[in-house]
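The values are calculated or read from the model by the stated rules, or taken from the named source; none is laboratory data. Note that the structure is a prediction, hence the values are computed from the model and not measured. For neighbour counting, all protein chains shown are included, and Cβ atoms are generated from backbone atoms with ideal geometry for every residue, glycine included. All accessible areas refer to the heavy atoms of the entire protein, side chains included, with ligands and DNA or RNA removed. Shrake-Rupley method; radii C 1.70, N 1.55, O 1.52, S 1.80 Å.
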Protein chains: 2
Amino acid sequence: MKIALAQLNYHIGNFEANTKKIIEHIALAKTKGADLVVFAELAICGYPPRDFLEFDEFISLCNEAAQEVAKHCKDIACIVGLPVKNDVLQGKDLFNAAYFLADGKVKAITKKALLPTYDVFDEYRYFEPATNFQCIDFKGKRIALTICEDLWNINDNPLYVSSPMDELIKEQPDLMINIAASPFSYTHDDERIKVLSANAKKYHLPLFYVNQIGAQTEIIFDGGSLVFDAEGALKAELKYFAEDLQVFDLDEIENVRNKYPHPERLTDIEQIHDALILGIQDYFRKSGFSKAVLGLSGGIDSAVVCALACKALGADNVMAVLMPSKFSSGHSVQDALDLANNIGCMHEIIPIKEGADAFDHMLANAFKGLPFNLAEENIQARIRGTIVMAMSNKFGYILLNTSNKSECAVGYGTLYGDMCGAIGVIGDVYKTQVFELAKYINKEREIIPINTIVKPPSAELRPDQKDSDSLPEYDVLDKILYQHIELKQGTAAIIAQGYEETLVKRILRMVNIAEFKRYQTPPILRVSPKAFGMGRRMPIVGKYMI
Amino acid sequence: MKIALAQLNYHIGNFEANTKKIIEHIALAKTKGADLVVFAELAICGYPPRDFLEFDEFISLCNEAAQEVAKHCKDIACIVGLPVKNDVLQGKDLFNAAYFLADGKVKAITKKALLPTYDVFDEYRYFEPATNFQCIDFKGKRIALTICEDLWNINDNPLYVSSPMDELIKEQPDLMINIAASPFSYTHDDERIKVLSANAKKYHLPLFYVNQIGAQTEIIFDGGSLVFDAEGALKAELKYFAEDLQVFDLDEIENVRNKYPHPERLTDIEQIHDALILGIQDYFRKSGFSKAVLGLSGGIDSAVVCALACKALGADNVMAVLMPSKFSSGHSVQDALDLANNIGCMHEIIPIKEGADAFDHMLANAFKGLPFNLAEENIQARIRGTIVMAMSNKFGYILLNTSNKSECAVGYGTLYGDMCGAIGVIGDVYKTQVFELAKYINKEREIIPINTIVKPPSAELRPDQKDSDSLPEYDVLDKILYQHIELKQGTAAIIAQGYEETLVKRILRMVNIAEFKRYQTPPILRVSPKAFGMGRRMPIVGKYMI
């Protein structure tokens, strides 16, 4: 039996586009001699569909699309994921399911049992867990089909309860297929290979695994679909961050003990780079826009975002707006101009002095006798926010947000000012990682001016301001933030690692007090195991660590 | 046995304040002769603690606080809710639990079985469902203790599977106690009485039900704790929107067939009014602020929010900023001034012309030859946003957002402009309901000027603009929005009710396209069964109904 793995980029709720793409890849798999073509989890509607699932109409449209796909499964079988109704009227309304399509119709339905409900996942919000499991017989082979998380609960996992495979294995299947929507983080590809290999080994079956690729707003799917033999050895790996379709001969996977030429893994920074490019591209493509705007300050964050945007969208489609104030140093404008020239994007210089003066006058009476402080600093950031949003409104550019994860964490940014934007490009990238990204971007030639990389970071909202005036040095800050955010360590546990008590308490307090700001920030492209956004849900008016 | 129901207002993560309050109410219950005092679900840490639950330290602090409370349970027993660790290392890390405290220690632990994971609830994200159930014996009586949702799965519910009560009843309890964190919506009080009464009747046991009161950012708990006799008749009802402690004699509830003088229910608008007042008060009190600022346009939305804020915080603590532009009609400023004078709040008049001119000049080159359009309209709204945020930053006022639910739904508002604010006061109140609220506020005397109520709504961002230029009339719009948002109806279903096809498609498209704006709006006080925010999680870059 020849099995095609179709690793595609879906668009949530875009039934027309998804169905067309699936049907085209059925045809392609046929021309490549496949007997069976496998698409990803919820491929019909895209993943995650979120509360679209609460609309009956949406569920009907999923079924209609799948019936359309079925018509094209005549000389080939197909596995495709979609939500299906729970007709028992007991428990949740839906199952996260897959259709096995052959002879032009639905021959079997497989349902997911283990429903991820943590981090960015909310599956128990919508789906009832499956409790009955049955293999699928096709062309003399018995297939144990499972959906994503169903294979993640293996018995070297301390949370192991039982897995649908423990039931399916009793029917003596010949192979396993797992269809997934497994989001990218820079730690996740290794983990995925480890878990899936353990499954193949445990059940002593070859395993075919299909993931999605593509970004759905903030969640990025990296692809990297996999094939293992019955000993858990990796036999093949599809592309990362790109669509791919490959056909495998089951006999060969079962019997040929050839070693897979395991390619060198990408470094974390390379993966993050590729993920962010895909994240930007898909945000624009799927929302129907092609041009971006951003404020370019001469600092490293906006420089990196500008470089990523130019790579993702083409330099012709990126408008960088330089908005110097009276506190901007001369080199800032020059650094920003150098970048724009190095990279060839559009740019405008719009000084904000006139706006700042106007606000000074408008507020003169209300602020009479009061010294310059945070209020005036923020006004400058908000004038810039208003200018780039005006460019966005006038020309249909989409505003990219340039805040990094360290700033987002401690609230070092102005709400409705530099925290504006449709999508946060580097909001899941710590400042120390932003420097690494800059160096990676400059690997072949100097795109980001060296001065932008080496000068001390500054918001330039008052004379001679430096980030280090109000924040600890980023190498210390980022380590403490990582302990708190990624590893969920509280005050005492972090202090116990040798960090200074007042510093730890100050940073954790800043993080927790800034929750009201983060609630109003744009969605952030997720590249770490714990990003701000849907995956981290904190109370706003709380009093823990504050 | 005498049972005290303690209906209190907790603050999430504020262990010091919550513990102190619980201990004080144990003492109060003692002085009133109670044998047992019952506090609400997760009373120790406040509900919903969200991802605070993922910090081991937080769970330890919960246990420490409960041990402190236990010390005060010597001549009285106490039931109090808190998260406890799942030591089995199987499934989720925690249980949503309650301690039964007596003789100065923890005598029993009850765990929740049915974990709401829908709308604003995420309990399966954190908690493992309980599977073992045991009654608590105290003073010769056997208590069937359950937690909130555990009683909501009764057998006239089509989703009925089984309830912990079906197990507990086998031990022949004498009474039921249910501790809850049941959020307010204007439909929920009647529903709650119906469901709980059905439980009392079904199991033929008296039922004591304790809810929380108080707002936790956007979620408002209305209290209204209840007592039923074994026939399901309501015997007592604690206060709504206020703390309360009442003591009941079990014998009397069991044996005296007196009829409860069921007070007249509040109307929906009265309930919404009281909920919003509490929502504002708790947002400020729990975040440590006392003064509010808002933009006052002369229109009905800001007028209603200003009146609510003055009632909640005192007129002395509310600063209304009038920011007329060249498009503001003369009556707008006068209407706003009339309101400020009627109500006695602080006010400032800050015309925005100078700011608008400055942006015109700053953008003159970039916008050369292009006509006035949405870009310039939005600049005005963003100048206003910047001014009120400057007032906030300078004086420590908290900015109230004044967008209504109809506007939020269709995206009729300027992001970073009039969509700014720390908390959305009327973002879950449709425009037609805002008019009703205004009339209710004016019941005793004219607070909101009649002209504000009767004039046609306008954003006043260009000459002679009216909302009805770009939106359908609000009475039609709100009905369609209600079908789509509250009742989750798709295009076809709404058209089938007799609404015009192009209108329905246009409105649903507006709603779904505005998702990117709503992602960045402030948290919105929830008063309906389906509010924007955590309870409605839609894809941003999706293509359903667009």
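Side notes on the structure shown:
- Matching residues in the range B:96-114 - criterion: being of a type in the set (A, V, I, L, M, F, W, C) and open to solvent by 20 Å² or more (accessible area, probe 1.4 Å): B:VAL106, B:ALA108, B:ILE109, B:LEU114
- Within the range A:241-261, the residues that satisfy the criterion of being open to solvent by 50 Å² or more (accessible area, probe 1.4 Å) and either more than 21 Å from A:ILE26 (Cα to Cα) or not assigned by TED's automatic domain parsing to the domain that holds A:CYS78 (or both) are A:ASP251, A:GLU252, A:GLU254, A:ASN255, A:VAL256, A:ARG257, A:ASN258, A:LYS259, A:PRO261.
- Restricting the range B:320-337 to residues that are surrounded by 17 or more Cβ atoms within 10 Å (Cβ to Cβ) and free of Cβ contacts under 8 Å to residues at least 40 places away in the same chain, the residue that is nearest to B:ALA292 (Cα to Cα): B:ALA320
- All helices (runs of 4 or more DSSP H) inside the range A:427-527 with 3 or more residues being hydrophobic (A, V, I, L, M, F, W, C): A:431-441, A:450-454, A:474-485, A:491-495, A:501-513
- All conditions in (1) in contact with a strand residue (DSSP E or B) (Cβ under 9 Å, 6 or more places away or on another chain); (2) more than 14 Å from every other protein chain (Cβ to nearest Cβ); (3) of a type outside the set (A, V, I, L, M, F, W, C) hold for A:ASP268, with the sole exception of (1).
- Taking the conditions (1) surrounded by fewer than 16 Cβ atoms within 10 Å (Cβ to Cβ); (2) in contact with a Phe, Trp or Tyr (Cβ under 8 Å, 6 or more places away or on another chain) in turn, A:HIS273 satisfies each one other than (1).
- Single residue of the range B:409-425 satisfying the filter (open to solvent by 10 Å² or more (accessible area, probe 1.4 Å) and within 22 Å of B:PHE284 (Cβ to Cβ)) that is nearest to the other protein chains (Cβ to nearest Cβ): B:ALA422
- One residue stands out among those in the range B:348-364 that are more than 7 Å from chain A (Cβ to nearest Cβ) and of a type in the set (Gly, Ala, Ser): the one that is least open to solvent (accessible area, probe 1.4 Å), which is B:ALA356.
- Scan of the range B:121-147 for residues that are in a loop (DSSP other than H, G, I, E, B) and away from chain A (no Cβ under 11 Å), ordered by number: B:ALA130, B:THR131, B:ASN132, B:PHE133, B:GLN134, B:CYS135, B:LYS139, B:GLY140
- Only one of the listed residues (B:PRO48, B:PRO83) is touching a residue at least 40 places away in the same chain (Cβ under 8 Å), buried (at least 20 other Cβ atoms within 10 Å of the Cβ), within 30 Å of A:TRP152 (Cα to Cα) and touching a strand residue (DSSP E or B) at 6+ places or on another chain (Cβ under 6 Å). That residue is B:PRO83.
- Just one of the numbered conditions (1) within 20 Å of B:ARG536 (Cα to Cα); (2) part of a loop (DSSP other than H, G, I, E, B) is not true of A:GLN90: (1).
- Among the residues of the range B:526-546, those that are within 12 Å of chain A (Cβ to nearest Cβ) and aliphatic (A, V, I, L, M) comprise B:MET534, B:MET538, B:ILE540, B:VAL541, B:MET545, B:ILE546.
- Among (1) farther than 26 Å from A:LEU278 by Cα; (2) among the hydrophobic types (A, V, I, L, M, F, W, C); (3) modelled with pLDDT of 95 or more, the one test that A:LEU28 misses: (1)
- Listed by first and then second residue, the pairs linking a residue in the range A:221-241 that is closer than 19 Å to A:ARG257 by Cα and of a type in the set (Lys, Arg) to a residue that is modelled with pLDDT of 95 or more and in a strand (DSSP E or B), with Cβ atoms under 8 Å apart and 6 or more places separating them unless they lie on different chains, are A:LYS235/A:VAL227; A:LYS235/A:PHE228; A:LYS235/A:PHE248.
- Filter result (assigned to a loop (DSSP other than H, G, I, E, B), within 13 Å of chain A (Cβ to nearest Cβ) and under 26 Å from B:MET176 (Cα atoms)) within the range B:93-120: B:LEU114, B:LEU115, B:PRO116, B:THR117, B:TYR118
- Just one of the listed residues (B:ALA309, B:ALA320) is away from every other protein chain (no Cβ under 14 Å) and more than 20 Å from A:GLY355 (Cβ to Cβ), namely B:ALA309.
- Count of the range B:244-265 residues which are outside any loop (DSSP other than H, G, I, E, B), farther than 19 Å from B:PHE39 by Cα and under 32 Å from the mean Cα position of the chain (by Cα): 1
- Filter pass, A:LEU294 being crowded, with 24+ Cβ neighbours inside 10 Å and part of a helix (DSSP H, G or I): no
- Looking across the range A:509-539, the residues that are hydrophobic (A, V, I, L, M, F, W, C) and surrounded by fewer than 23 Cβ atoms within 10 Å (Cβ to Cβ) come down to A:MET510, A:VAL511, A:ILE513, A:ALA514, A:PHE516, A:MET534, A:MET538.
- The residue that is farthest from B:HIS361 (Cα to Cα), among those in the range A:348-389 that are among the β-branched types (Val, Ile, Thr) and out of contact with any strand residue (DSSP E or B) (no Cβ under 7 Å at 6 or more places or on another chain), is A:ILE379.
- Residue list for the range B:115-156, restricted to those being of a type in the set (Asp, Glu) and either touching a Gly at 6+ places or on another chain (Cβ under 8 Å) or open to solvent by less than 10 Å² (accessible area, probe 1.4 Å) (or both): B:ASP119, B:GLU123, B:GLU128, B:ASP150
- Any hit, the range A:435-458, residues being open to solvent by 30 Å² or more (accessible area, probe 1.4 Å), modelled with pLDDT under 95, in contact with a helix residue (DSSP H, G or I) (Cβ under 9 Å, 6 or more places away or on another chain) and closer than 20 Å to A:PRO351 by Cα: yes
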